[in-house]
Amino acid sequence: MIEVPIEFNIGPGVIVRPYRFKNGFGYEFVSKDRLHMTDDDILAEVLRENIPREAVLTEFQRRRAAIEHALNLLLPERN
């Protein structure tokens, strides 16, 4: 999950699309973003798959890390 600094004054539930810059990240407000996936979405997906209880946390963390990694690879870098 991407965390937005509190100083940006973006309220909970507001969808933004992050952009990578050479010295950090910027954010653009969007009305609907297909790449946006919350922790709730990830957890719901894991639970729907009937993963054994003892493996739920590990699988959740693995998927969240995979999404973060994929976003870093996909996000265009802006100047």
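For this structure, a couple of remarks:
- Residue pairs whose Cβ atoms lie under 6 Å apart, separated by 6 or more positions or on different chains, with the first residue in the range 13-26 and without any contact (Cβ under 8 Å) to a residue 24 or more places away in the chain and the second charged (D, E, K, R), are ILE15/ASP33; ARG17/GLU28; ARG17/ASP33.
- Taking the criterion of being surrounded by 14 or more Cβ atoms within 10 Å (Cβ to Cβ) and more than 22 Å from ALA70 (Cα to Cα), the only residue of the range 6-27 that qualifies is ILE10.
Values quoted throughout were computed directly from the atomic coordinates according to the rules given, and no laboratory measurement underlies them. As the structure is a computational prediction, the values presented were derived from the model and not from experiment. Don't worry about glycine lacking a Cβ; one is built from the backbone with ideal geometry, like all the others, and counts go over all protein chains shown.
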